[in-house]
Structure formats: C-alpha cells, structure tokens
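The values are calculated or read from the model by the stated rules, or taken from the named source; none is laboratory data. These numbers come from a predicted model, not from an experiment. Reconstructed Cβ throughout: ideal geometry from the backbone, glycine too, with neighbour counts over all protein chains shown. Keep in mind that these areas ignore ligands, DNA and RNA; they rest on the heavy atoms of the full protein, side chains included. Shrake-Rupley method; radii C 1.70, N 1.55, O 1.52, S 1.80 Å.
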Amino acid sequence: MATDFSQGKVWKNIIFQAIPLTLAQLVQLLYNIVDRIYIGHLPGADNMALTGVGLTFPVITLVAAFTNLFGTGGTPLFSIARGEGNEEKAEKIMGNVFSLLLWTSLILFVFCFWFRRPVLFLFGASQESYIYGDEYLRIYLFGTLFSMIATGMNGFINAQGYPRMGMLTTVIGAALNLILDPLFIFVLHMGVGGAALATVISQGVSAIWVFRFLTGRKAILRIKKENLKLEGRLVRDIMTLGTSGFIVQATNALVQIVCNVTLQSYGGDLYVGIMTVLNSVRELLSLPVMGITSGCQPILGYNFGAKKMGRVKEGIRFTALIGVGYTLLAWVFVMKFPHFLFSIFTDDAGMIETGNAALQMYFFGFCFMAFQFTGQCTFQSLGYARRSIFFSLFRKVIIVVPLTLLLPVLGFKVNGVFLAEPVSNLIGGLACFLTMWFTVYRKLGKDG
C-alpha cells in the first residue's frame, strides 16, 4: 500500500524518512571515504597518494552533478505526481530519469577517460601526485554507469515510502567495499588502483540491487519498458527542477578545482592533501543535516501536491530547527577535536600539525550551512526551480570562488582558501533562508 504523507505527525514522517536516508547516505559516502582512509595510511606513500586521489574529486563530483540533474529533478516531480494521484505520470517520470542516467553515464565515461591526463594537470596535479591520481581515476571511471544508476534511481525507492530498502542499496555495496578495500590494497598489494577497483565492484552490486527492486513486485511503481522513451516535456521539467542539484555539485567541482590550483600555487602538494581531508570531514559532518533535508523532500512535495499547506510549513520549521541544532554541535566538536578528525585520514605528522588550524578555520560558523540546506530543500521540493538555481550559484560562484582567488592575493595566502568557506556559509546561507521564508513560507497559507 502506498505511503500517505498527508497523514500522521509531520515531524515523525520526516524522521521516518531521514534516519534510514542518513544511514544510506553515510554508507554511500563510505565508498569514497574508506578509500581515502586506507590510501592515507598507505605505507611508503607519505601524503602524496592522498593528494593524488584528492585531485580526482572534481571528476567524481561532476559525475554526481549529472546524477543530481536527473535524480533530484525527477524525484520531487515523482512525489508531486503521486500526491496528485497520477501514478501513470509518476512512472513515466521514473522511466525517463533511468534513460537519462544511462545515456549520460556512457558519454561521461568516454570523455573523462580519454582526457583524464590533461584534466588532472588542469586540476592542480604535480608530476608526483599525477601518478596516484591517474592510477585511481582510470579504474574508477569504469564504475560511472553503476554509480549514476545506484544513486540517481535510489531516490525513487525512498519516495515510494521504502527508505529502509533504499538504505540497503548502499549498505550492501559499502559493506562489500569495506571488505574488498583492504584485500585489494594491502593483501594483493594493488595500492591506489585496488581502492578504485573495490569501489567499482561495490557500486555495481548496488546498481543491480536498485534495478531489481524497481522492476520487481515489491515496488508500488516500477520501471517499465514503455516509459524509457524520452518525452521532451518530461525531460525539460526534470532538468529544470534538477538544475539546482546539478549546480550544487557542478559548483562544488568548480570550487574544488579553484582550491586545488590555488593551494598548489601557494603551498604545494601538502596543502592539496590537507584540502582532501577537509572535504572528507565536511562530507561526513554534513550527512545528518543532508539526511533531514532529503527526508523532508518527499513529505513537502506530497503535501504541497495534496494542498496541505499547514503541514508543508510545519515540515519547513522542523527541518530548520533540527539542522541548525545539529550543525552547532558539529562545529563545537571540530573546534575541540581537530587532531582526532585529521588522524582518521592520515598518520603523516606534518600534515596533521599543519592541517589542524586549517580545519578549525574551514569549519568556523558551520551552523549557517543548515540555513542554506533548508532553503534549497524547500525551493526544490515545492518546484521553485529558478530560486533554487540562483542560490546554488550565489554561494559558490559569486562568493566562494572569488574569495578563494582574492584572499590569498591580499596576504592571507593558503589561509585565504580555508576562510572562504565560512564566509560563504554566513552570507549565502542567510540570504537563501530569509528569501525562502519571506517569499515562500509566509505565502503558503493554510490547508486547502
């Protein structure tokens, strides 16, 4: 029986969705985080292996950007169609998203694999770090299709009210990755390439799991052959709403490139490696608030489609309060235990000593990030694509990138790169949330 998100307490519905989604996202993140942890402790590689893998982040993020373009664009439309009772349209949306992910993954693989050498040097590689970056990327790219299908289609499992099943998608793959990583890296002595191979195999298993569920009997709405043919109107709507998610990841890739190039110029490979750790810690600590915002999306979209505006407003309030409360605690934790967080990823004493101060600067005012997430989530869930797109661009392209380039020139040097993030969280987060509050939240009215 289909889940009716217009019934029951809103906060319970959000938590019911958010907890397994958070765990699923954590496990999904472990695909890459575990690779970095093992690679950071690789005997004889010092910090160079970690630096080399960090250079591949923009490529991996670019793949995630196209996954978001279709996945995060289609899922809210799918939820709204379900809320309206139009299951035929919902299935067409899901089928079109699957086709878009399939064809795009093949194009990305060919392009990124063919041009990986000039791309890595463009992203800040040195002759020494390129060796490790190329070894990882040339294997990792073979899992592009698996990664995009597993991640992009998993949202349709969650949107049907099966968050636990969605969690299993990533649990199975990540558990396999945890086993294969040390086997390939240390037992079979495959090094950085072994980490990439373990990830590809694990993502393949996750993709098969998602596909089998969405074509099987347990799914309420299924992937059907007749819905795989692309329809111009649906593709346009999916990409319009998904552009925000695409820009979030694409601008993340842009920021990573600018940071790596600037750090290489002012500090060398050591600081590129430090940024690899900072990105990893940020991804880990951002997970709970991302889980809450992801969990509320089908709730907001469904109730908006069902004209339950009071419940939509309640969901927005709850998401904001939980997000800000958590990120405050996370900020305190980083300030108190930077050495512990850094040592998870490397045992290089020089990197840890230099990186502790960078970590504390980078996470200053971390709580303001929750305002950005809440505003973006609301815009996207309710179909306000243009506003969502604008604030995605505003924080990263208009604030972070210029500051990353300007602050080092003004005398902050490498510290300027790390300070750009908290400034953008403050300005961008508040601007996004306040705009959402006054232009959307206050105009929702009462239940229809």
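Listed values, structure above:
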quantity: Counted residues, the range 411-448 - those being closer than 26 Å to A320 by Cβ, aliphatic (A, V, I, L, M) and either in contact with a strand residue (DSSP E or B) (Cβ under 9 Å, 6 or more places away or on another chain) or crowded, with 20+ Cβ neighbours inside 10 Å (or both); calculated: 2
quantity: Test set (1) at pLDDT 85 or above; (2) outside any helix (DSSP H, G or I); (3) of a type outside the set (S, T, N, Q) - A207 fails condition number; calculated: (2)
quantity: Out of L102, L141, sole residue that is part of a helix (DSSP H, G or I), farther than 27 Å from G350 by Cβ, open to solvent by 20 Å² or more (accessible area, probe 1.4 Å) and in contact (Cβ under 8 Å) with a residue 12 or more places away in the chain; calculated: L102
quantity: Evaluation of D348 against (1) farther than 20 Å from L26 by Cβ; (2) in contact (Cβ under 8 Å) with a residue 24 or more places away in the chain; (3) in contact with a Phe, Trp or Tyr (Cβ under 7 Å, 6 or more places away or on another chain) (one fails), failing number; calculated: (3)
quantity: Options L241, L214, L234, L221: the member that is closer than 15 Å to T75 by Cβ and modelled with pLDDT under 80; calculated: L221
quantity: Looking only at the range 283-333, and only at residues there that are among the polar types (S, T, N, Q) and open to solvent by less than 10 Å² (accessible area, probe 1.4 Å), the one that is farthest from N252 (Cα to Cα); calculated: N303
quantity: Condition broken by G411, with the remaining ones in (1) under 25 Å from V272 (Cα atoms); (2) touching a helix residue (DSSP H, G or I) at 6+ places or on another chain (Cβ under 9 Å) satisfied; calculated: (2)
quantity: Any chance E88 is open to solvent by 10 Å² or more (accessible area, probe 1.4 Å) and free of Cβ contacts under 8 Å to residues at least 40 places away in the same chain; calculated: yes
quantity: Among residues of the range 253-282, those that are of a type in the set (S, T, N, Q), under 19 Å from Y130 (Cβ atoms) and buried (at least 22 other Cβ atoms within 10 Å of the Cβ), counted; calculated: 4
quantity: All positions within the range 352-382 that are within 20 Å of the chain's Cα centre (by Cα) and not hydrophobic (A, V, I, L, M, F, W, C); calculated: Y362, Q372, T374, G375, Q376, T378, Q380, S381
quantity: Options Q297, Q264, Q249; residue that is touching a Leu at 6+ places or on another chain (Cβ under 9 Å) and not hydroxyl-bearing (S, T, Y); calculated: Q249
quantity: Residue list for the range 352-410, restricted to those being within 13 Å of F433 (Cα to Cα), modelled with pLDDT of 90 or more and open to solvent by 50 Å² or more (accessible area, probe 1.4 Å); calculated: F368, F373
quantity: Residue in the range 187-203 that is open to solvent by 20 Å² or more (accessible area, probe 1.4 Å), assigned to a helix (DSSP H, G or I), in contact (Cβ under 8 Å) with a residue 24 or more places away in the chain and among the β-branched types (V, I, T) present; calculated: yes
